[in-house]
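The values are calculated or read from the model by the stated rules, or taken from the named source; none is laboratory data. Not measured: the values here are computed from a predicted model. Every residue, glycine as well, gets a Cβ built from its backbone with ideal geometry; the counts of neighbours run over all protein chains shown. These accessible areas exclude ligands, DNA and RNA; they are computed on the full protein's heavy atoms, side chains included. Shrake-Rupley method; radii C 1.70, N 1.55, O 1.52, S 1.80 Å.
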Amino acid sequence: MYELIQLTERTYYIKSPTNIGLFRLDEKNVCLIDSGNDKDAGRRIRQVLDANGWQLTAIYNTHANADHIGGNRYLQGQTGCRIYAPGIDCAFTRHPVLEPSFLYGGYPPKDLRHKFLLAQESDAAELTADKLPEGFASIPLPGHFFDMVGFRTPDDVVFLADCLSSREILDKYQIGFIYDVAGYLKTLEQVQTMTAKV
């Protein structure tokens, strides 16, 4: 767990319960795609960065579910990196109590206020095209959550966020969360015809 896997010359991922994308901007600077589910994930990511002599400049969140933004606050506090999140997910990243509140339909009871549904707040800015590294593209992936996006790196690796789930995840939880079924079906059609190196 938390092993660094190289996919192409500059694109990697950190194997974890929620895989974390990593792109080398140059020899020293890197950015992440998502940050794992909590402070402990942030610490483990920081160890990977330090072991490779890399400086984290930015985190690009695909969406605001706690398992994708949970390491943001720790990493931002340790590195001073910028954090970007798409659309309304930016508000959820800045105010994570919105996730369990939305799921519950009101102030969430204690059973819904835990690290799997309630990340720590982080200072995020709204993701816009001009905030992406050169050669990056964001890919709208509606359906699972409000304004979820994926990312295509300059060396043609696509990160698809939570638009697909493994058989193991479906077997474990028995049901997936879908915010917008029509949007989700369009996303699946889009992904089915998508091509990439990885």
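Structure summary
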| quantity | calculated |
| --- | --- |
| Qualifying residue in segment 179-186 (condition: open to solvent by less than 50 Å² (accessible area, probe 1.4 Å), out of contact with any Lys or Arg (no Cβ under 8 Å at 6 or more places or on another chain) and within 15 Å of Pro86 (Cα to Cα)) | no |
| Single residue of segment 1-48 satisfying the filter (acidic (Asp, Glu) and over 13 Å from Asp67 (Cα atoms)) that is nearest to the chain's Cα centre (by Cα) | Glu3 |
| Residues of segment 130-170 classified as more than 15 Å from the chain's Cα centre (by Cα), open to solvent by 30 Å² or more (accessible area, probe 1.4 Å) and charged (D, E, K, R), total | 6 |
| Selection count, segment 84-111, where residues are in contact with a Phe, Trp or Tyr (Cβ under 9 Å, 6 or more places away or on another chain), exposed (fewer than 13 other Cβ atoms within 10 Å of the Cβ) and not in a helix (DSSP H, G or I) | 0 |
| Every residue from segment 177-198 that is within 20 Å of Leu117 (Cα to Cα) and either among the hydroxyl-bearing types (Ser, Thr, Tyr) or free of Cβ contacts under 8 Å to residues at least 12 places away in the same chain (or both) | Tyr179 |
| Given (1) hydrophobic (A, V, I, L, M, F, W, C); (2) open to solvent by 70 Å² or more (accessible area, probe 1.4 Å); (3) in contact with a strand residue (DSSP E or B) (Cβ under 8 Å, 6 or more places away or on another chain), index of the condition Leu127 fails | (2) |
| Pick from segment 57-77, criterion in contact with a Cys (Cβ under 7 Å, 6 or more places away or on another chain) and surrounded by fewer than 24 Cβ atoms within 10 Å (Cβ to Cβ), ranking: farthest from Leu117 (Cα to Cα) | Thr57 |
| Conditions (1) in a strand (DSSP E or B); (2) of a type outside the set (Ser, Thr, Tyr); (3) open to solvent by 10 Å² or more (accessible area, probe 1.4 Å); (4) under 21 Å from Ser16 (Cα atoms); number of the one not met by Leu117 | (1) |
| Segment 31-40 - residue that is open to solvent by less than 60 Å² (accessible area, probe 1.4 Å) and out of contact with any Asp or Glu (no Cβ under 9 Å at 6 or more places or on another chain) and, of those, nearest to Arg113 (Cα to Cα) | Ser35 |
| Hits in segment 1-28 - residues which are open to solvent by 40 Å² or more (accessible area, probe 1.4 Å) and in a loop (DSSP other than H, G, I, E, B) | Met1, Leu7, Glu9, Arg10, Pro17, Asn19, Leu25, Asp26, Glu27, Lys28 |
